[in-house]
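The values are calculated or read from the model by the stated rules, or taken from the named source; none is laboratory data. Treat the numbers as computed from the prediction; the structure is a model and nothing was measured. Cβ atoms come from the backbone with ideal geometry, glycine included; neighbour counts cover every protein chain shown. Just so you know, the surface numbers come from the protein's heavy atoms only, side chains and all, with ligands and any DNA or RNA stripped out. Shrake-Rupley method; radii C 1.70, N 1.55, O 1.52, S 1.80 Å.
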Amino acid sequence: MSAAYRPGPDAGVTVSDDGMSVYVARLPGGPLVVLDGAAALIWAEATTAPATGWVARVAELVGQPEEAIAADVTAFVADLSARELLVPLGADSDARPGA
Amino acid sequence: MATHEATAPPEVGATVPLEVRIGFAHACLQWVADRCGADLLHVKGAALDPTLVPGRGFSDADVLARPEHVRMLLDELRHHGWELINSFAYGSSFEHSATLRHSDFGLLDLHRIYPGTGPTPELAFDTLWSEHTTTVLGGVECAVPARDAQAALLLLHAARGGSDPKAAHDVEWVWTSADETRRARILEWVDRLDAGLGFSVITGTLDDHRDDPAYDLWRVASRGGTRMEEWRARVRAARGLRAKLTVASRSVLVNVEHLTIVRGRPVSRAEIVAEFFGRPARGLREQVSRRARGRRR
């Protein structure tokens, strides 16, 4: 069972002790990206198995209906993917929000 | 969505803890080393086994490179946003490390030698490398020395720390409070690394090594001394007449790199000239005041 995404091959990642901030560096030259609050939660769930239902888990954590956040979540992970900080894993159907 | 790049604006940069930036500095170094085929070991700071000195703080990243790979690494790092701010010759009395700075990842000390280890820098690195392990820093698996080797290296670092409370704390944790078994394991590494002279500072037996050319370097580093004593020790420790003359000539040249950091901007010719004359004068003043203090005792 895998996660929906994994960090990009040239991404360094550090999670704060309280889990509310994720620091992602594009290696080797930067930049350094800070994900706070909901953004950190999205990163954590996107990179945590199982892939199935990961957006629903985010919705539950932020107390919102899944359909209300799915579009924003999709746009967010698309942005991180475009920066090559996140890479979709395996069965893409599982990785899609709402799957 | 709360995503921001922590590059330029200071108010945003301030939200990234220093230890996070330093972790990424290690990760960056390992990334570069892996791709250019260089061997390096991450030492001290974030790379230190956390059970050796719990809660120990750090302010930069230290890496020890295989000596023959240092030039290649320096060249590579410059291509990835690292700026050289202090070269080996002017880094310290031991001329062991160069300092680089990155706008995102902070300060890095790139060591070509770990002071006190030998018999040559190459063999010392081989010895450490032969039993290296890994730890994750900034999300990247980084090569580090074996735990007991880390303890020996930390103590050698503390031996140069003089009256620094952090050095004293390290010695207390890693050596003074260690049992015989643990000490024996550390001493085995001291032996393998030919580190008896530097380590004698820890055991209080430095003066048994008065005849060693590097004795004065360790004496000044561990007990303090004037700038003039420091340069005299560097000249004495340099091997061969040519090396001694090179060191001696540097003692009167101005470290423009250092001056640039102190001033925070490129220095003018007038400032270099002023520093040129100021340094020997400062050395003399220190020497004179030290002698005066000695007479008063």
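Below are the figures for this structure:
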item: Distance-filtered residues of segment B:157-175 - backbone nitrogen under 15 Å, label point 7 angstrom along residue B:49 Cα→Cβ; result: B:173-175
item: Chain lengthening between residue B:178 and residue B:87 when straightened (0.36 nm per residue, less Cα-Cα); result: 29.1 nm
item: Environment charge of residue B:100, counting only residues whose C-beta is closer than 10 Å and scoring Lys/Arg +1, Asp/Glu -1; result: -1
item: Long-range HN-HN contacts of residue B:114 with modeled amide H, under 5 Å; result: none
item: Rounded to whole Hz, the Karplus (6.51, -1.76, 1.60) HN-Hα couplings of segment A:12-24, x for glycine and proline; result: x, 10, 9, 9, 5, 4, 8, x, 8, 9, 10, 9, 10
item: Residue A:20 paired with residue A:68, simple spin-label distance in nm, labels 7 Å along Cα-to-beta-carbon; result: 2.1 nm
item: Per-residue ³J(HN,Hα) for segment B:175-180, Karplus 6.51 cos²θ - 1.76 cosθ + 1.60, θ = phi - 60°, Hz, x for Gly and Pro; result: 10, 4, 8, 6, 7, 4
item: Heavy-atom SASA rank of A:81, B:200, B:103 (probe 1.4 Å, accessible area, largest first); result: B:103, A:81, B:200
item: Loop GluC sites (Glu not before Pro), segment B:115-204, which have at most 15 other Cβ atoms in a 10 Å radius of their Cβ (DSSP); result: B:131
item: For residue B:48, net neighbour charge (Lys/Arg +1, Asp/Glu -1) across residues whose Cβ lies under 15 Å away; result: -3
item: Interchain or long-range residues, amide H under 5 Å from residue A:33's placed H; result: A:24, A:25, A:26, B:6
item: Qualifying trypsin sites (Lys or Arg not before Pro) in segment B:144-232, DSSP loop, other Cβ atoms within 10 Å at most 15; result: B:210
item: Accessible area in the full protein assembly, largest first, 1.4 Å probe, for B:26, B:209, B:69, B:169; result: B:169, B:209, B:69, B:26
item: Filtered GluC sites (Glu not before Pro), segment A:53-87: DSSP coil and at most 15 other beta carbons within 10 Å; result: A:84
item: FRET efficiency, 1/(1 + (r/R0)^6) with R0 22 Å, evaluated for residue A:6 and residue B:141 via beta carbons; result: 0.90
item: Rounded percent of accessible protein surface that carbon and sulfur make up, segment B:1-148, 1.4 Å probe; result: 52 percent
item: Student exercise, segment B:1-148 dipole from Lys, Arg, Asp, Glu Cβ charges, in Debye to nearest 20; result: 140 debye
item: Amide proton proximity set for residue B:43, modelled H, under 5 Å, gap of 5+; result: B:62, B:63, B:64
